[in-house]
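Asks: Here it is: the structure, laid out below.
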Amino acid sequence: MNESGLHLRPAQQLCTIAMGYECRVMIRFRNREFNAKSLLGVLSACVSQGDEITLVCTGRDEEAALKHLADFIMGSEHSC
């Protein structure tokens, strides 16, 4: 939702949320996968505003992680 995409501040917030879950959290973008628990991984995806990404959560708490991260990305939890 941010006009700058996933720049440093929202990328760090996304990583912090992802690290709060045990499951594996990946971002699929442009036929590649990036570790959402890694700030470098999220930043290297180079996601811009309006880009469509897919979140892939696998593991014990995957549903809760997916909901929390999707809410964050869609803008209900940050104002960066």
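Asks: What is the residue count in the stretch 47-59 for residues that are in a loop (DSSP other than H, G, I, E, B) and either surrounded by 13 or more Cβ atoms within 10 Å (Cβ to Cβ) or modelled with pLDDT of 95 or more (or both)?
Replies: Residues in the stretch 47-59 being in a loop (DSSP other than H, G, I, E, B) and either surrounded by 13 or more Cβ atoms within 10 Å (Cβ to Cβ) or modelled with pLDDT of 95 or more (or both): 3 in total.
Asks: Go through the stretch 19-53 residue by residue and tally those that are of a type in the set (Phe, Trp, Tyr) and under 13 Å from Ala65 (Cα atoms).
Replies: So the count comes out to 1.
Asks: Another question about this same structure. For the stretch 20-38, check the following and say yes or no: at least one residue is in a helix (DSSP H, G or I) and either surrounded by fewer than 12 Cβ atoms within 10 Å (Cβ to Cβ) or not polar (S, T, N, Q) (or both).
Replies: No: zero hits.
Asks: Moving on. The conditions are (1) more than 18 Å from Arg9 (Cβ to Cβ); (2) in a helix (DSSP H, G or I), and Leu69 fails exactly one of them. Which is it?
Replies: Just one mismatch for Leu69, condition (1).
The values are calculated or read from the model by the stated rules, or taken from the named source; none is laboratory data. Here the structure is a predicted model, which means the values were calculated and not measured. Positions of Cβ are generated from backbone atoms using ideal geometry, with glycine treated the same way; all protein chains shown enter the neighbour counts.
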